[in-house]
Amino acid sequence: MSFKDVGKLDVSPVKGAADSLIRNISEVIVGKRETIEMVIVALLSEGHILIEDVPGIGKTMLARATAASLGGTFKRIQFTPDLLPSDVTGIYYFNQKLMDFEFRPGPIMSNIILGDEINRATPRTQSALLEAMQERQVTVDIATRSLPRPFLVIATQNPIELEGTFPLPEAQLDRFLFRLNLNYPTEDEEKLILSRFQRDNPLDNLPSVLHVESLVTLQGLCREVYVEDSLRKYLVSLVRATRAHPDIELGASPRASLSLHLAAQAIAAVRGRSYVIPDDIKYLAIPALAHRIILKAEARLRGRSAENMIEDVVAKTPVPVEASS
């Protein structure tokens with residue numbers, strides 16, 4: 001069976017919306033089209049993003065530009081060692097005028113959340129995000145409250161400064177769809193940044209190009225993108241290979257399989273296809289899987305990285321061949 005045996009699903013609304021978002025966000029973020037595309041894929045597949053990079057390269061700006069382009073609500077949480085879980089989720093307080101307890105929502109009750117330097121918070125506070133990121137809800141005292149849709153967490157951490165930080169636990173890392181790096185701009189891109197920001201900040205006048213309600217509809221449309229059975233088998237084989245690799249102590253979870261499947265559907269639609277191809281899965285494998293595995297000590301001593309391991313797995317896993325029509 002061909003990868004293209006998909007019926008007549010029209011993904012042009014997804015591609016059109018994605019192109020508009022990429023153009024709009026690119027007015028603020030210079031030269032990072034692939035990263036912006038990955039943010040949109042995360043939005044469409046209801047995933048979250050961990051950006052691991054040095055300060056000053058636009059992580060906060062990317063999150064704010066994404067929220068502005070959607071017309072959604074945006075909150076920044078500055079993670080520090082003294083931050084409490086209630087500072088994230090909200091609290092119940094006693095209203096003396098009403099003589100009753102009222103809920104004061106925390107910053108988590110927004111569409112786009114920037115968790116800045118998430119690894120500076122204690123594990124107790126980091127765990128406040130677990131329920132929100134997986135189940136789109138928070139439990140405060142005995143009450144459970146649903147979070148708005150769409151809901152995207154963009155968390156950042158500085159890989160250079162380790163003093164005063166708390167490494168993210170595996171359960172937390174597994175809830176991020178992608179781990180991305182923005183990297184430094186090229187010389188020409190940095191000149192363009194100076195020119196673009198010379199008089200004012202383009203973010204101040206950035207228009208909204210997609211309503212959050214429309215994005216929810218597009219998320220449902222992405223779930224209808226066709227994935228041929230052989231591609232599902234290929235995807236599962238990739239993930240399972242991380243559990244059997246001799247240099248990997250802990251492989252990717254079934255949650256990783258589901259996340260990669262949803263992301264492959266989303267990126268196919270963003271690129272104008274109503275069906276997934278093997279290249280979609282291979283393209284997403286490193287950002288979707290590398291942060292979910294733990295290498296053995298011997299492999300780390302040999303200078304191997306998680307990205308190297310995923311590249312190795314992709315290279316050794318047979319790719320399904322499209323049947324001739």
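A short reminder: the numbers here are calculations on the coordinates, not readings from a lab. Predicted, not measured: the structure shown is a model, and the values here were computed from it. Positions of Cβ are backbone-derived with ideal geometry, glycine not excepted, and every protein chain shown enters the neighbour counts.
Once the Cβ-Cβ distance between Glu27 and Ser214 is put in as r, and R0 is 22 Å, what FRET efficiency do you end up with, to the nearest 0.05?
FRET efficiency, Glu27 to Ser214: 0.65.
How do the peptides 202-209, 22-29 rank, highest first, by the average count of neighbouring beta carbon atoms within 10 Å per residue?
By packing density, highest mean first, the sequence is 22-29, 202-209.
Taking the Cα atoms only, what angle lies between the long axis of helix 187-196 and the longest principal axis of the chain, rounded to 10 degrees?
The angle comes out near 40 degrees.
Of Lys191/Lys316; Lys8/Lys282; Lys75/Lys282; Lys191/Lys282; Lys59/Lys316, which ones are farther than 30 Å apart at the Cα?
Over 30 Å Cα-Cα: Lys191/Lys316; Lys75/Lys282; Lys191/Lys282; Lys59/Lys316.
So, in Å, what gap is there between the alpha-carbon centers of the range 204-262 and the range 76-130?
So the separation of the two Cα centres works out to 28 Å.
For Arg124 and Asp100, compute 0.36 nm times the residue count separating them, minus their Cα-Cα distance, and round to one decimal in nm.
5.8 nm
First measure r as the distance between the Cβ atoms of Val319 and Ile142, then evaluate 1/(1 + (r/R0)^6) with R0 = 35 Å and state the FRET efficiency to the nearest 0.05.
0.10
Under 1.5 on a/c is rounded, so check that first for the range 184-271, then, if it is not, pick prolate when a/b is larger than b/c and oblate when it is not; a ≥ b ≥ c are the square roots of the alpha carbon gyration tensor eigenvalues.
It comes out oblate by the Cα gyration axes.
So if we plug the beta-carbon distance of Leu194 and Glu34 into 1/(1 + (r/R0)^6) with R0 = 30 Å, what FRET efficiency do we get, rounded to 0.05?
Step by step, r from the Cβ atoms, then E = 0.85.
Taking a ≥ b ≥ c as the square roots of the Cα gyration tensor eigenvalues, with a/c under 1.5 meaning rounded and otherwise prolate when a/b beats b/c, else oblate, which class fits the range 226-319?
prolate
How about the range 149-212: which GluC sites (Glu not before Pro) there lie in a loop by DSSP and see at most 10 other Cβ atoms within 10 Å?
Passing sites in the range 149-212 are Glu163.
What are the ³J(HN,Hα) couplings of the range 305-322, residue after residue, when phi is run through the Karplus curve with 6.51, -1.76, 1.60 and θ = phi - 60°? Round to Hz, x for glycine and proline.
Working through the residues one at a time gives 10, 4, 5, 4, 5, 5, 4, 5, 5, 4, 5, 9, 8, x, 8, x, 9, 5 Hz.
Have a look at the range 162-316 and give its Rg and Dmax from the Cα atoms, expressed in angstrom.
Both quantities, over Cα of the range 162-316: 19.1, 55 Å.
What are the extents of the Cα atoms of the chain along their three principal axes, in Å, largest first?
Here the spans come out as 73, 46, 46 Å, largest first.
What fraction of the DSSP beta bridges in the chain is antiparallel, stated in percent and rounded to the nearest 5?
Among the beta bridges of the chain, antiparallel pairing accounts for roughly 40 percent.
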